[in-house]
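The values are calculated or read from the model by the stated rules, or taken from the named source; none is laboratory data. Keep in mind the model is a prediction, meaning the values are calculated, not measured. Here the Cβ positions follow ideal geometry from the backbone for every residue, glycine too, while neighbour counts run over all protein chains shown.
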Amino acid sequence: MIQIDIDADLNMEDDERNFARLPAEKSRIEVGAVAVAERPGFWSWVQIDKIDDTIVFFRQISARESAAHGELAIRATA
């Protein structure tokens, strides 16, 4: 099961980076970290580039690149 970290419109870009509001729950949101950003029906692995007050800037990365950072999916419980 994928855990969504950032609620983001992945079409919102600024100089080839995406941006979104910094989520209230920021446990994995730090510069250099890999997270999952999404809107209903579409999600992407992302790497955090910058955090500026209430805005987080990130770039979309491949599944292979995200795997280099460890397991990002959580196991579903029965």
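Select from the stretch 3-18 the residues that are closer than 20 Å to Gly41 by Cβ and either under 11 Å from the mean Cα position of the chain (by Cα) or not aliphatic (A, V, I, L, M) (or both) and list them in ascending order.
Gln3, Ile4, Asp5, Ile6, Asp7, Ala8, Asp9, Leu10, Asn11, Glu13, Asn18, listed by residue number.
Please pick out the residue among Arg64, Arg59 that is modelled with pLDDT of 85 or more, among the basic types (Lys, Arg) and surrounded by 10 or more Cβ atoms within 10 Å (Cβ to Cβ).
Details: Arg64 fails: surrounded by 10 or more Cβ atoms within 10 Å (Cβ to Cβ).
When all the criteria are applied, what remains is Arg59.
So is Ala73 at pLDDT 85 or above and under 16 Å from Ile4 (Cβ atoms) or not?
no
Applying the selection to the stretch 19-32, what residues are at pLDDT 90 or above and either under 17 Å from Ser66 (Cα atoms) or more than 11 Å from the chain's Cα centre (by Cα) (or both)? It would help to see each step written out before you state the result.
Our first condition is that a residue be at pLDDT 90 or above; within the stretch 19-32, this holds for 19-22, 30-32.
Once the filter is applied, which keeps residues that are at pLDDT 90 or above and either under 17 Å from Ser66 (Cα atoms) or more than 11 Å from the chain's Cα centre (by Cα) (or both), the stretch 19-32 yields Arg21, Glu30, Val31, Gly32.
Filter the stretch 29-49 down to the residues that are surrounded by fewer than 12 Cβ atoms within 10 Å (Cβ to Cβ) and in contact (Cβ under 8 Å) with a residue 24 or more places away in the chain and list them by number.
Selection gives Phe42 alone.
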